[in-house]
Amino acid sequence: MADIPGVEAYEQLRQTSAKNDFTFGFSMEFADQAAYDGYNRHPVHTAFVADRWVPEVADFLEIDYVPL
């Protein structure tokens, strides 16, 4: 995912807090909405979602935000 145009920062993270039930996290940064939109419809991303995310991920929390 880090090599998809528009992705400025990408991290795969392991959850260490006992305050939630998730084990892993992904963090991604984009310059603007247009960069995110391009990433979201990029063939590498859509293939990952179809081939890995949908069959393997039972539950997730997506947080989209902008700086204050």
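The values are calculated or read from the model by the stated rules, or taken from the named source; none is laboratory data. These figures come from a predicted structure and were not determined experimentally. Each accessible area value is taken on the protein alone, full model and side chains, heavy atoms only, with ligands, DNA and RNA left out. Shrake-Rupley method; radii C 1.70, N 1.55, O 1.52, S 1.80 Å.
Below, the figures for the structure above:
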| read-out | value |
| --- | --- |
| Per-residue ³J(HN,Hα) for region 50-57, Karplus 6.51 cos²θ - 1.76 cosθ + 1.60, θ = phi - 60°, Hz, x for Gly and Pro | 5, 8, 10, 5, 4, x, 10, 9 |
| Segment Asp21-Phe60, extension gain: residue separation times 0.36 nm, minus the distance between their alpha carbons | 13.1 nm |
| Over the chain, relative contact order from alpha-carbon pairs under 8 Å, at least 6 apart, % | 29 percent |
| With every protein chain in place, the chain: carbon and sulfur % of accessible area (1.4 Å) | 54 percent |
| Solvent-accessible surface ranking, highest first, for Tyr39, Tyr65, Tyr10 at 1.4 angstrom | Tyr65, Tyr10, Tyr39 |
| Whole-number accessible area per residue in Å² for the chain, which is evaluated in the context of all protein chains at 1.4 Å | 86 Å² |
